[in-house]
1. Can you pull the one-decimal nm distance between simple spin-label points at V249 and W81, each 7 Å off the Cα toward Cβ?
2. Does the stretch 109-263 come out rounded, prolate or oblate by the C-alpha gyration tensor, with a ≥ b ≥ c the root eigenvalues, rounded set by a/c under 1.5 and, if not, prolate when a/b is larger than b/c and oblate if not?
3. Roughly how many nanometres apart are two label points built 7 Å out from the Cα toward the Cβ at Q51 and H205?
4. Normalising by the residue count of the stretch 4-262, find the relative contact order in percent from Cα pairs under 8 Å and 6+ residues apart.
5. Given F31, W140, Q107, which one lies farthest toward the positive end of the charge dipole of the chain, if we put +1 on the Cβ of every Lys and Arg and -1 on the Cβ of every Asp and Glu?
6. Defining a contact as two alpha carbons under 8 Å apart and six or more residues distant in sequence, what relative contact order in percent does the stretch 141-210 show?
7. Based on DSSP H runs of at least 4 residues, each adding -39500 (n - 2.57), what is the mean residue ellipticity at 222 nm of the chain after dividing by all its residues, to the nearest 500 deg cm²/dmol?
8. Remind me, relative contact order of the stretch 5-106 in percent, using alpha carbon pairs under 8 angstrom and six or more residues apart?
Amino acid sequence: MNSAETEQRGVRGYAILIGIGLTAGLLSGLFGVGGGTVIVPLLVLMLGFNQRLAAGTSLGAIVPTASIGVLSYAASDSVAWIPALLLAVGAVVGAQIGTRLLPRVSQTVLRWIFVGFLVLVIVSLFLVIPSRDAVLTLDWISGLALVVVGVLTGILSGLIGVGGGIVVVPVLMLAFGTSDLVAKGTSLLMMIPAAVSGTIGNLRHRNIDLVAAGVVGLSACATTALGAWIATLINPAVANMLFAAYLVVIGTQLALRAIRDRRP
């Protein structure tokens, strides 16, 4: 181990890691996201991790978290298995493209473009309420479209570190007409292959704190199923409003980063 997290390890350090995991797990199950948008900033702010180590540790923690989330949504038949695999294939390819484009593209411009995308999604969430009975009809056109969505999601992930769930969940609901529950369960399944692949890479480059990832991931597992269960109890309109509020927080974070990047 290295960096500031070694010094912080102890009762307080482990308590913070557990708290981060419990929070991330609840949000992961409730919204169908990986939880990295919670884990990364809290590791940086509360335990002094550098950004790269925090991102690598978060990715490792997402593997067990998303796995429990998938099982929870699968219990209510709310996972579209083949569409999730198509999204995952596209995302893995897109992440490689995004990583290679990273040195050539303005991060500030990208963040503002994505903030604009989130604004459109937030507005749409108040206008389009998905039916809980809606299913994702798969044919050649929709299958190809899912791969394209996966590629674009992977590119964004590689460029600005945005988790796939933030993109995939609203796109599945608004563009493909799926229910909010199926969108969340499918999003969580899509994340697992990419998270495993990324974690293996981070292990090779020693860019992950395995102990912290394990504590956060296992703690998250304790609340992921709870979040998924709560999602089934909430009215779709209320679920949309809660997800919109979550996206407002993410959009604000990205906007603040973009503003800071423009400062000399």
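Any read-out appearing in this document is the output of simple, stated calculations on the displayed coordinates, not a laboratory observation. Keep in mind the model is a prediction, meaning the values are calculated, not measured. Please note: Cβ atoms are built from the backbone with ideal geometry, for glycine as well, and neighbour counts cover all protein chains shown.
1. Each label point lies 7 Å from its Cα, and together they span 3.3 nm.
2. Cα axes put the stretch 109-263 in the rounded bin.
3. Result for the modelled spin labels: 1.4 nm.
4. The value is 39 percent.
5. Q107
6. Here the relative contact order equals 20 percent.
7. Details: 11 runs with 212 residues, N = 264.
Counting only the DSSP helices, I get -27500 deg cm²/dmol.
8. Contact order relative to length: 20 percent.
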